[in-house]
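Bear in mind that the values in this text are calculations on the coordinates, not laboratory data. Just so it is clear, the model here is predicted, and its values are computed rather than measured. All Cβ positions, glycine included, derive from the backbone under ideal geometry; neighbour counts span all protein chains shown.
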Ligand code: ADE
């Protein structure tokens, strides 16, 4: 049985929990047992529901009668508030996305009737693929990035015996590239708007020393008004400060910077390459260096000179050339990050303060009949069956062994 704390958990405390947790992980010295021993059930961090939920030692229970305990982040008040949620609090309506560790489902909260995108991750899959770090990272980033209009928000997180749940904003406009596929290319002003919103979100992440790393079509969503929502922080890298670099290889090859493909050191400028690749696809209909043969494309990314055909303005081509510079030290954004993009002539019509305040009218408003409209979601997802067991919260059993384990 879970003993729940009654003490309020403020956002500041929560940040403390995350930082503490992140620091331990960063040390990479601990196995799960060590980590949990270090935290100890008496440690103030452990006493908070959130840490309890995710750091539970093996053999102890995950759910109480009410279901798995969790935290709720509501930013309606200045101070973030917390409350509890469980798998049983939602009706799971449709599959709206899939990934290697599980699915994303449209769900309705039974009490407040609001719609959410619930990312359900199978513990078994995560363990099998040694991806505990990705999950910890995703959740940690979601907890930190509560404050940007173009980043998906985490509302609740909890776990059952077999699964981890992240309850996120539902971006009902669907994947940006779902729309791009249908239209082949976007007009330059539409591409500019999306690129500017993405740049703003990436600049914000960088200001928190987080490298997104995984800017790719399926992670760029639209909300109901047509604004960008970046989702999926599973491959983010935290703690990259200034010119610090890392070497971990991850991500989708088409949009990866050459230094990542070659497993050379890289830094936050990989995100500016990624933005260049996405902008190229919006303007030309294909990613840069494209070839139907994947190996050829990988080789092109690393060695082929960038050829930009006419049909895109001089400013657009110049921006692409600068973002897709193989020399990351010379890439746009290398010195002053997003500020360098903001000053580029391609974005001269963008008022950045208005953009972040969502005062710029999106160039395309998804047609939606209501908050549960699925017309912008790929039927390849919505036709998949919804697992029946999602709302079932087992009352005890095996927890997520080694969730906090970093080898
Ligand atoms: N697919 C993945 N995450 C999503 C979200 N937050 N909203 C809509 N579709 C998604």
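Miscellaneous remarks
- Sorted by Cβ neighbour density within 10 Å, fewest at the top, the residues 373, 353: 353, 373
- Ordering 259, 183 from the fewest to the most neighbouring beta carbons within 10 Å gives 183, 259.
- When 198, 295 are arranged by Cβ crowding within 10 Å, least crowded first, meaning fewest neighbours, the order is 295, 198.
- Look at the alpha carbon pairs under 8 Å that are at least 6 residues apart: their mean separation over the length of region 142-226 gives a relative contact order of 36 percent.
- Once the chain from residue 384 to residue 336 is taken as fully extended at 0.36 nm per residue, the excess over their C-alpha distance is 12.8 nm.
- Note on residue 302/residue 127: beta-carbon distance plugged into 1/(1 + (r/R0)^6) with R0 of 56 Å gives a FRET efficiency of 0.95.
- When you restrict to C-alpha pairs under 8 Å that are six or more residues apart and normalise by the size of region 88-198, the relative contact order lands at 20 percent.
- Using 0.36 nm per residue and subtracting the Cα-Cα separation, the extra length available between residue 361 and residue 309 on full extension is 15.8 nm.
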